[in-house]
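**Q** Please see the structure below; I have some questions.
The values are calculated or read from the model by the stated rules, or taken from the named source; none is laboratory data. What you see is a predicted model; the values in this text were computed from it and never measured. Using ideal geometry, Cβ is built from the backbone for each residue, glycine included, and neighbour counts are taken over all protein chains shown. Accessible surface is based on the protein model in full, side chains and every heavy atom, while ligands, DNA and RNA are left aside. Shrake-Rupley method; radii C 1.70, N 1.55, O 1.52, S 1.80 Å.
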Amino acid sequence: MQSRNILFIVEGANDEPKFIRKLFNVCYRDIYNTYSYKTSIHVLANHIEKYYPDFDDGFTDILGILKECESDPDELQILNNQYTDIFLIFDFDPQDHFANFGMIKRMLKYYTDSTNQGKLFINYPMMQSYKHFQSLPDDDFKNRTVSVDQCQNYKYHIGQISSYTNVEAYNYATFVSLAVHHLRKANYILKGVYEELNQENYLEVDSTLIYDKQFSLLTESNQIFVLNTCIFIMIDFNPKHFFHSISNNRSSFLI
């Protein structure tokens, strides 16, 4: 398989790059770059709505949009490179004062292909949700939610309660164990069934439907399910290998 040259467009300058760096050190040998947007998806959504209101009617280059707002020469160099795949990783951040939920849904419907316009992953409520566990396996994760008020201090809270705060200690089994929990959670949100998706069903998952379910819960009860979708990148890269690993090595994972 030809090596890929990948760009991750991420919200933060710390947690996301650390997570991606460790994931690639453990699982992959592809070339990648990370560009930190350093503000929320709601700010990006408002910018796109203002200057590119018809962005989803045709090909709108996300790199071009970002370059318009970037002045740092080193960061511009990252955006000027050519990539085989582009992934966008952002937080849902329901507490954001500039929230633009309608535009984010449009972005999810448009940014669905990493090899074309890019693929968007939304983390609920934010990136740190991947480690929202005191122990693994954790069947209680099925019903784990956070309120909008709890989102204000979510990073601190996870830092206090999680047993998986040190991503540098992760190995392949850790990543798979976490991914399976979030995979089951996605299935539970979509279908009410807390079971693993198989490869065929995973490839049919519509992130927009997850978003709709989360937004409905937010509207009805001012809370959302804890779910990290960024970790699904390790599945996207090679679904066959991921699901084969689970099928043949279940005892190696905390699932």
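**Q** Regarding residue 46, is this residue closer than 22 Å to residue 127 by Cα and open to solvent by 40 Å² or more (accessible area, probe 1.4 Å)?
**A** So residue 46 passes the test.
**Q** Mind listing whichever residues of the stretch 84-103 are closer than 23 Å to residue 20 by Cα and open to solvent by less than 40 Å² (accessible area, probe 1.4 Å)?
**A** As a first pass, look at the stretch 84-103 and keep what is closer than 23 Å to residue 20 by Cα: 84-93.
85, 86, 87, 88, 89, 90, 91, 92, 93, listed by residue number.
**Q** Identify all residues within the stretch 1-16 that are of a type in the set (Asp, Glu) and open to solvent by less than 20 Å² (accessible area, probe 1.4 Å); write none if there are none.
**A** Within the stretch 1-16, 16 is the sole residue that qualifies.
**Q** Shifting gears a bit: Looking only at the stretch 1-22, how many residues end up being among the aliphatic types (A, V, I, L, M) and under 15 Å from residue 128 (Cα atoms)?
**A** 3
**Q** For the stretch 17-33, give me each residue that is touching a Ser or Thr at 6+ places or on another chain (Cβ under 7 Å) and open to solvent by less than 40 Å² (accessible area, probe 1.4 Å).
**A** 17, 20, 30, listed by residue number.
**Q** Look through the stretch 192-217, keep the residues that are crowded, with 20+ Cβ neighbours inside 10 Å and among the hydrophobic types (A, V, I, L, M, F, W, C), and return whichever of them is nearest to residue 110 (Cα to Cα).
**A** Here the answer is 210.
**Q** Filter the stretch 131-166 for residues that are of a type in the set (D, E, K, R) and assigned to a loop (DSSP other than H, G, I, E, B); which is least open to solvent (accessible area, probe 1.4 Å)?
**A** Taking the stretch 131-166 as the starting set, the residues that turn out to be of a type in the set (D, E, K, R) are 131, 138-140, 142, 144, 149, 155.
Next cut, assigned to a loop (DSSP other than H, G, I, E, B) only: 138, 144.
Working: 138: 18, 144: 49 Å².
The residue in question is 138.
**Q** Residues that are over 22 Å from residue 211 (Cβ atoms): find the helices (runs of 4 or more DSSP H) completely inside the stretch 35-86 holding 3 or more of those.
**A** Ranges flagged: 62-68, 73-80.
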